[in-house]
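The values are calculated or read from the model by the stated rules, or taken from the named source; none is laboratory data. Keep in mind it's a predicted model, so treat the numbers as computed, not measured. Reconstructed Cβ throughout: ideal geometry from the backbone, glycine too, with neighbour counts over all protein chains shown.
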Amino acid sequence: MKNQKLLLEDNKFNAILPLISDGVFIIDRNYKITFFNKMATHISGFMAEEMIGERFDKKLKFMPKKDKKNNSKFVEIVKKVIITGKIKKIADDIILIREDKLKVEVTGNIAPFKDLEGKIIGCIFIFRDITKEQEIDRMKTEFVSLASHQLRTPLTTIRWFIEELYIGELGPLNSEQKDYLKQVLESNSRMIKLVNDLLDISRLETSRLRIAPEPTDLIELIKSILSEYLPVAKASNCKFKFNKPKAGFPKVKIDPVLIKQVLINLISNAVKYSFNKNSEGLVMISLDKKGKEAVIKVKDNGIGIPEEFQSRIFQKFFRADNVYKLDTEGTGFGLYISKLIIEASGGKIWFKSVEGAGTAFYFTLPITGCKSVLEGKNLSITQ
Ligand code: ADP
């Protein structure tokens, strides 16, 4: 009976796997290949006949893009999957050296392969060639970068001329004319902000993010942003409360310009998404030390993020639909950029939110300091 069941499972398995449009191969606990599908041959250039029975890493060289001679890290990952039984991702920056020595960028998963009793008997690799996708993505980012650069100069020129008109350089204006020009100026500012955001993103994505850490007083940094934003908070019927650590805080080596940008994104969002003319909003900021990390929290009692949108909040361009009802301006870039910056600085960012009750964003920074990145680093965002 058990043998029959096994046979049935085996047949199903053998029927399905060759049809999968991803590369699939299976190894046993000794890392020897027991199955190699057609797509795996297509991507790697190696034939199933020459691979089956061989240790997978003898011919299949999966390496980090930046360390093309190092296959051993990948073998370590495989070992972990077999020991822990946890699925591991073949991250975006892994390349595979093909049989013809060409390099292809791959992504996918390595999962434990179990027998019917649930015992781990090896690993299954499911991977695909993303060389073209990555190329298109790079082209798209380059295009956005180029287009944003080209747009910035005329937008700044427009601003300059309108400002001249507005302040009456060419003669006095009546109040209606001034009002019209004010609206044009506001729209122009929004466009400049959008273009700057696009430029920031393409800089971050095309590996040109420079991290220049310097010992920074986080208390002072937060205080300076709060005083800069106080007028905006007042206009939005909102108060700030900063819970400073009582015993002070050691200076942390971070890039103050980048971390300031993250704090501004979080604090201005907290204000923006709390606006209610009938009740006063409260934005609380705290800074704490937990183990080897500085933890910063920005909490509001605003509209919150509906549960169904919470998993998408760090995606580029994403805005939850409750913010549209509030009539707020936004591009959906701020949190995407913030996540890129925090992860590149060695920290983490996350949030807790209840729709209608408020949101708390948290991020960490290593107290030991961020690594300096002078030439720019390849970044990939984790979702
Ligand atoms: P933007 O604010 O320009 O739309 P962000 O990337 O900063 O873009 O934020 C993305 C989305 O996350 C917002 O549009 C909003 O839906 C949600 N969000 C961010 N912060 C908050 C907050 N404090 N309260 C409620 N929603 C928020």
- Query: Is at least one residue of region 85-102 more than 21 Å from THR41 (Cα to Cα), outside any strand (DSSP E or B), without any contact (Cβ under 8 Å) to a residue 12 or more places away in the chain and not acidic (Asp, Glu)?
  - Reply: no
- Sort out which residues of region 160-180 are among the hydroxyl-bearing types (Ser, Thr, Tyr) and closer than 23 Å to ILE192 by Cβ, and write them in order of number. TYR166, TYR180
- Among the residues of region 167-215, which ones are modelled with pLDDT of 85 or more, under 17 Å from GLN261 (Cβ atoms) and in a loop (DSSP other than H, G, I, E, B)? ALA212, PRO213
- Taking region 316-347 and keeping residues more than 8 Å from the ligand (Cβ to nearest atom), of a type in the set (Gly, Ala, Ser) and modelled with pLDDT of 90 or more leaves SER345, GLY346, GLY347
- Note on the structure: Restricting attention to region 226-238, the residues that are within 15 Å of the ligand (Cβ to nearest atom) and surrounded by fewer than 19 Cβ atoms within 10 Å (Cβ to Cβ) number exactly 1
- Message: Take LYS290 and tell me if it is surrounded by fewer than 17 Cβ atoms within 10 Å (Cβ to Cβ) and either more than 7 Å from the ligand (Cβ to nearest atom) or under 28 Å from VAL195 (Cβ atoms) (or both).
- Response: yes
- Query: Pick from region 348-383 the residues that are among the basic types (Lys, Arg) and modelled with pLDDT under 90: which of them is surrounded by the fewest Cβ atoms within 10 Å (Cβ to Cβ)?
  - Reply: LYS371
- Query: Mind checking which pairs have a first residue in region 312-326 that is among the small types (Gly, Ala, Ser) and a second that is in a helix (DSSP H, G or I) and more than 8 Å from the ligand (Cβ to nearest atom), Cβ under 9 Å, 6 or more apart or different chains?
  - Reply: ALA320/GLU308; ALA320/GLN310; ALA320/ARG312
- Message: Restricting to region 244-284, and then to whatever is surrounded by fewer than 19 Cβ atoms within 10 Å (Cβ to Cβ) and among the aliphatic types (A, V, I, L, M), can you tell me which residue is nearest to the ligand (Cβ to nearest atom)?
- Response: ILE264
